[in-house]
Amino acid sequence: MYQSFIGLEVHIHLLTKTKVFCGCRNAFGDEPNTNICPGCMGYPGTLPTLNIEALRMAGMVARALNCTIPEKTWFERKQYFYPDLPNNFQLTQFASPIGQKGYVDIDGKIGEKQIQKRVRIKECHLEEDAGKMIHTGTVSLLDYNRAGVSLLEIVTEPDLETGEEAELFIQQLRRTVRYLGVCDGNMEEGSLRADANVSINLPGKGLGKRVEIKNLNSSRFVKLAANYEIVRHGALMDQGKTAAQETRLWNENRDETLPMREKENAQDYRYFPEPNLPVYIPDAAFLKSIEDAMVELPVPRRKRIAAEYGVNEEQAEQICDEKAQADYFEAAVAEATSIAANGDNKLSKTEAASRTANWLLQDIKHIMGREGIDVRSIGSFKLTPKRMASLVAMTAAGKITGKNARQTLEAVIAEDKDPAQIVSERGWEILSDPAKIAEAVAAVAKTEETTVAELQTAIDDKRRKTLTAYLTGKVLAATSGRADPKIVSAQIDELIQRR
């Protein structure tokens, strides 16, 4: 039995408008080599200029990860040959990174097991990204658009033990940076990617020989690659061998890691301070700008919403997956309770939350998926929180049936109108007048005499319920779904008893 150790190096692209040391546009998907200048192309005589917004965003992440922001921070040159970084060195932070000695409490489920674990953060350092290489046959093409883009590297201590824990960490970190608005977290585009450092050893013997798995672009690949290496190392140790300290790549087609190169040590990079950038001393205004930009993070918000609104843990998890969705939910619940408070029917906060969560996680989620609308864009959705609240309040007050409520939802999106207006225009208000419902019941009874007769003589309760439901459906159809089902059912019972 061996003890496993996993440490992660997570790289995130910060959502700055320009690159970290020059004024070139920072945008994914632009034509190759259009967002470049003499500075990020390493021309002689050019000087770097620090993008302070990149440093502020880095400080926000450091703060969210409970890191200490140092009194002084600066940049070094990391001497390393990058075919896609023209300077042949990288401007990064080494001796005094922007975030130091923090921690993250991961909290979530692995299968059916609830996991709560503290993962220490060694550091968060800001640096420039390299460009992109495209290999086609015997030719390699270089796109320098990404060269110099603001990149924050988050380095954990080797506190994770399984690939599943590593996956949970990545997922939680991704939600965190999206909540902060500093990274879009699109792993498929490379704006968040991870390297995993894996080793195993006998229990109590400390770290073993470390292998680094580079450029993992999904949380699932992080899990699979880490678990693969744990098994591979274990098989070697069972044979009395040890794994070579090396860098490997994950082959997603074969579900295995493959050797890339021998692992370099940090001292091989020959760091020295960047002479063209002064030491930065975070002042009170800079630190205040970080504090002012902080938001309630995903895990505490999930716990608060579950406790405050009475939704279950699974619903709270789904609601809080994106900040925009959680904001929408809370705004809609507040509006719904306000509408009900001003009307004849009171609606408790928990009931409004339950109804809103069901709409949000089922019908609305389905419609947004169908329309190709990202959940992060729910703030510009035609069904605004106020309109959602109106729909919730009307259904809770019994003014509209569930069927017509769903039709109203579709009409709101198609016509960009308020639910109340649509219900009024189409005459979809629920029909609760006993006299008018009685007319519809009598008409159905006349056309369904055989069914009525069978219901009168039916002894089996299950059969009676089936026949009653059938007749109720006929009455609802005759009233365009407007008749109150409870009144319909009661009148059918009365009709049978009279006969």
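Numbers below:
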{"read-out": "Selection within the range 33-91 - in contact with a helix residue (DSSP H, G or I) (Cβ under 7 Å, 6 or more places away or on another chain) and of a type in the set (Val, Ile, Thr)", "value": "VAL61, ILE69"}
{"read-out": "Scan of the range 109-121 for residues that are in contact with a helix residue (DSSP H, G or I) (Cβ under 7 Å, 6 or more places away or on another chain) and surrounded by fewer than 19 Cβ atoms within 10 Å (Cβ to Cβ), ordered by number", "value": "ILE110, ILE115, LYS117"}
{"read-out": "Residue match in the range 342-355 (condition: out of contact with any strand residue (DSSP E or B) (no Cβ under 8 Å at 6 or more places or on another chain) and within 24 Å of ARG178 (Cβ to Cβ))", "value": "yes"}
{"read-out": "Test: residue in the range 433-456 that is out of contact with any helix residue (DSSP H, G or I) (no Cβ under 6 Å at 6 or more places or on another chain), surrounded by fewer than 14 Cβ atoms within 10 Å (Cβ to Cβ) and not in a helix (DSSP H, G or I)", "value": "yes"}
{"read-out": "Residue within the range 94-105 that is out of contact with any strand residue (DSSP E or B) (no Cβ under 6 Å at 6 or more places or on another chain), in contact (Cβ under 8 Å) with a residue 40 or more places away in the chain and surrounded by fewer than 18 Cβ atoms within 10 Å (Cβ to Cβ) present", "value": "yes"}
{"read-out": "All positions within the range 382-408 that are farther than 12 Å from TRP428 by Cβ and either buried (at least 18 other Cβ atoms within 10 Å of the Cβ) or in the same structural domain as ASP484 (by TED's automatic domain parsing) (or both)", "value": "LEU383, THR384, PRO385, ARG387, MET388, ALA389, SER390, VAL392, ALA393, ALA396"}
{"read-out": "Residue among ARG270, ARG232, ARG248 that is touching a Pro at 6+ places or on another chain (Cβ under 6 Å) and not polar (S, T, N, Q)", "value": "ARG248"}
{"read-out": "Residue list for the range 175-190, filter: closer than 22 Å to ASN145 by Cβ, touching a Leu at 6+ places or on another chain (Cβ under 9 Å) and either outside any loop (DSSP other than H, G, I, E, B) or modelled with pLDDT under 90 (or both)", "value": "VAL177, MET187"}
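The values are calculated or read from the model by the stated rules, or taken from the named source; none is laboratory data. Source: prediction; values computed, not measured. Every residue, glycine as well, gets a Cβ built from its backbone with ideal geometry; the counts of neighbours run over all protein chains shown.
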